[in-house]
Amino acid sequence: MDQRLRLLAVSAAPALLVIAAAKPPTPEEARAFVERADARLLELSNRQQRAEWVYSTHITQDTEKIATEANTDLIAATMELAAEATRFEGLAVPEDVARRLRLLKLSLTLPAPREPALQAELSEIKAGLEGTYGKGKYCPQGRDCLDINALTRLMAESRDTEELRDAWRGWHAIGPPMRPRYERLITVANQGARALGFTDVGVLWRSKYGMTPDAFSAELERLWQQVRPLYRSLHAYVRARLSAHYGPRVVPSDGPIPAHLLGNMWAQAWGNIYPLLGVSADPGYDLTALLKAKKVDEREMVRYAERFFTSLGFEPLPPSFWERSLFVKPRDREVVCHASAWDVDNDEDLRIKMCIEITGEDFVVVHHELGHNFYQRAYRRQPFLYREGAHDGFHEAIGDAVALSVTPGYLVQVGLLDRVPDRSRDVGLLMKLALDKVAFLPFGLLIDQWRWKVFSGEIPPARYNGSWWELREKYQGVAPPLPRTEGDFDPGAKYHVPANVPYTRYFLAHILQFQFHRALCRAAGYEGPLHLCSVYGSEAAGKKLQAMLEMGQSRPWPDALFALTGERTMDASALLEYFAPLQEWLEEQNRGRKPSGGV
Ligand SMILES: [Zn+2]
């Protein structure tokens, strides 16, 4: 569910470096350098994205090699360019030039050392890890192999603890072969980070938010503490209900919840176990059933999301989007099914790649992906280095914020639902959403808590798996369904680890999307409970959104946040306001129960 990561790069001619070093630079030269870099970056980014697209929609040894080579070239060139940019350090230049020089240095997610052999090795490792994940399957004895889509379905639907544990174990077996390669990736990428002047890759990642890495960590902790009481209430309630359903021997009424019983391979979103929770008021409808009843196909799922954006005043997606996107898992070849949104030419060649299933869950994911596409298109007139989200959490939050407007009222408006259920169903509605959005919060936080420590060496390879589970228990309050050792590599079974995609962005996005939603509702003139607000059809809301999107990364993110919300700090109060009726209900239900300890 990520925006396609764009590797920025330029092939700086060595001759240029020699000339450049000869005399002290001027601000004019700095500007000319930035402009030149921008143009080259654009061209090379396009080339790299094409190779990457072909690879992930057609995994073969050859496409892997082509994508790897494109990545190697790009990383190499970016490192050279960043080195060249250092000659402007300390020079008084206009803020716009300074900002682009800074962004250039921060642009790589996977920096590489200058040695060509190490650069090639790093790219090979990265492509290989992603390929291992993409091709991952569980083949139970004597039965058909299960890919991640099939396993996702099984985890969502099965209530048989043996079967669930077997599927969980089967999928997590893709991890161990990744372990030595992952260890090497950390070592080599850290050398790259040091070449850019950062202590390690984690420090580089945390430096992308316009504050010091420590200040950023403190911001995360502040936001987590804002939402933690709500998570604890949800956790305590779910644990009690699962304990009642499966029995206290399977789910003890205190301690962590076994991770295979939450309806999702990573226990990151719990919406699928809603029917087990005995919530007296259900939402009054089931979106998956509504979509199936209307015979909505994959393409039409995407049309619904597109129509939402056009109702806000955005232009429809270009014809090429419909021709070039991948909506259905092909039968004849391997693809990376993990959903992503692309802007292949950094202009209008927008696409999504997703093996869409006709479910309420994927209905939301489609909105999520199109949020990326509309963001990409809104900032396409910015200089290339500014064609990014205000920060990466913004990019992840746009489509989700829009999907929060998929209310019962909206479903009636678009003809999927006959009538709006009465207000007694609100608890069910909120519970269903909280199982996805609130349950996700600690998961969104812990992946990089783990990874930053891995990058810094605080977690050595000998403790990769053990520390992973310590964090999962500490933040999420879940435990592995069977004993784990350091022979396992469970982080590798989560896409963003082998694919090296930073994850804190999703935590931030889960907070920001409610902040955005509240602002959009205010702009639309809505007054009422946040969870019933839909901004469908509001051009006033669309205007505010557009104002933020078209800025891209051209200004510090508080300016972008201000353009939509009138606020300058990230704040979970909108999320808490949204779920306030549920929080109250949960506290009532949990009376007399043990609180969720470490969580
Ligand atoms: Zn995404």
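The values are calculated or read from the model by the stated rules, or taken from the named source; none is laboratory data. None of the values given here were measured: they were computed from a predicted structure. Glycine gets a Cβ as well: all are built from the backbone with ideal geometry, and neighbour counts include every protein chain shown.
Numbers for the structure displayed
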quantity: Helices (runs of 4 or more DSSP H) contained entirely in segment 534-599, each with at least 3 residues that are over 24 Å from the mean Cα position of the chain (by Cα); calculated: 539-549, 573-590
quantity: Residues of segment 167-180 satisfying the condition of being part of a helix (DSSP H, G or I), surrounded by fewer than 18 Cβ atoms within 10 Å (Cβ to Cβ) and in contact (Cβ under 8 Å) with a residue 12 or more places away in the chain; calculated: Arg169, Pro176, Pro177
quantity: Odd one out for Gly389 among (1) buried (at least 19 other Cβ atoms within 10 Å of the Cβ); (2) more than 16 Å from the ligand (Cβ to nearest atom); (3) assigned to a loop (DSSP other than H, G, I, E, B); calculated: (2)
quantity: Identity of the residue in segment 347-374, under 23 Å from Gly134 (Cβ atoms) and in a loop (DSSP other than H, G, I, E, B), that ends up farthest from the ligand (Cβ to nearest atom); calculated: Ile358
quantity: Selection status of Leu8, under 20 Å from Arg100 (Cα atoms), in a helix (DSSP H, G or I) and modelled with pLDDT under 80; calculated: no
quantity: Single residue of Gly537, Gly542, Gly566 found to be buried (at least 20 other Cβ atoms within 10 Å of the Cβ) and among the small types (Gly, Ala, Ser); calculated: Gly542
quantity: Where Phe33 falls short, out of the listed (1) within 21 Å of Glu348 (Cβ to Cβ); (2) modelled with pLDDT of 90 or more; calculated: (1)
quantity: From the options Tyr503, Tyr526, Tyr495, residue that is among the aromatic types (Phe, Trp, Tyr) and surrounded by fewer than 19 Cβ atoms within 10 Å (Cβ to Cβ); calculated: Tyr526
quantity: Meets criteria (more than 16 Å from the ligand (Cβ to nearest atom), under 28 Å from Leu549 (Cβ atoms) and in contact (Cβ under 8 Å) with a residue 60 or more places away in the chain) for Gly409; calculated: yes
quantity: Options Arg222, Arg228; residue that is modelled with pLDDT of 95 or more and over 30 Å from Gly197 (Cβ atoms); calculated: Arg228
quantity: Helices (runs of 4 or more DSSP H) lying entirely in segment 71-166 (those with 3 or more residues that are farther than 30 Å from Pro480 by Cα); calculated: 95-106, 116-134
quantity: Tabulated pairs, segment 495-524, first over 17 Å from Leu220 (Cβ atoms) and within 12 Å of the ligand (Cβ to nearest atom), second at pLDDT below 95 and of a type in the set (S, T, N, Q), C-beta under 9 angstrom, 6+ apart or interchain; calculated: Val501/Thr109
quantity: Matching option when the condition is part of a loop (DSSP other than H, G, I, E, B), over 29 Å from Glu64 (Cβ atoms) and of a type in the set (A, V, I, L, M), among Ala289, Ala269; calculated: Ala269
quantity: Of residues in segment 237-266 being part of a loop (DSSP other than H, G, I, E, B), within 31 Å of the chain's Cα centre (by Cα) and aliphatic (A, V, I, L, M), the one farthest from Ala434 (Cα to Cα); calculated: Val251
quantity: Number of positions in segment 386-416 that are more than 15 Å from Glu369 (Cβ to Cβ), touching a Gly at 6+ places or on another chain (Cβ under 9 Å) and not aromatic (Phe, Trp, Tyr); calculated: 6
quantity: Residues of segment 322-344 that turn out to be more than 16 Å from the ligand (Cβ to nearest atom), surrounded by 15 or more Cβ atoms within 10 Å (Cβ to Cβ) and among the acidic types (Asp, Glu), as a count; calculated: 1
quantity: Residue match in segment 138-147 (condition: buried (at least 16 other Cβ atoms within 10 Å of the Cβ) and touching a residue at least 60 places away in the same chain (Cβ under 8 Å)); calculated: yes
quantity: Within segment 281-301, tally of residues that are under 22 Å from Leu433 (Cβ atoms) and touching a helix residue (DSSP H, G or I) at 6+ places or on another chain (Cβ under 8 Å); calculated: 12
quantity: Residues that are touching a residue at least 12 places away in the same chain (Cβ under 8 Å) and either within 23 Å of the chain's Cα centre (by Cα) or not in a loop (DSSP other than H, G, I, E, B) (or both), drawn from segment 292-311; calculated: Lys292, Glu298, Arg299, Met301, Val302, Tyr304, Ala305, Glu306, Arg307, Phe308, Phe309, Ser311
quantity: Flag for Arg377 being modelled with pLDDT of 95 or more, within 16 Å of the ligand (Cβ to nearest atom) and part of a helix (DSSP H, G or I); calculated: yes
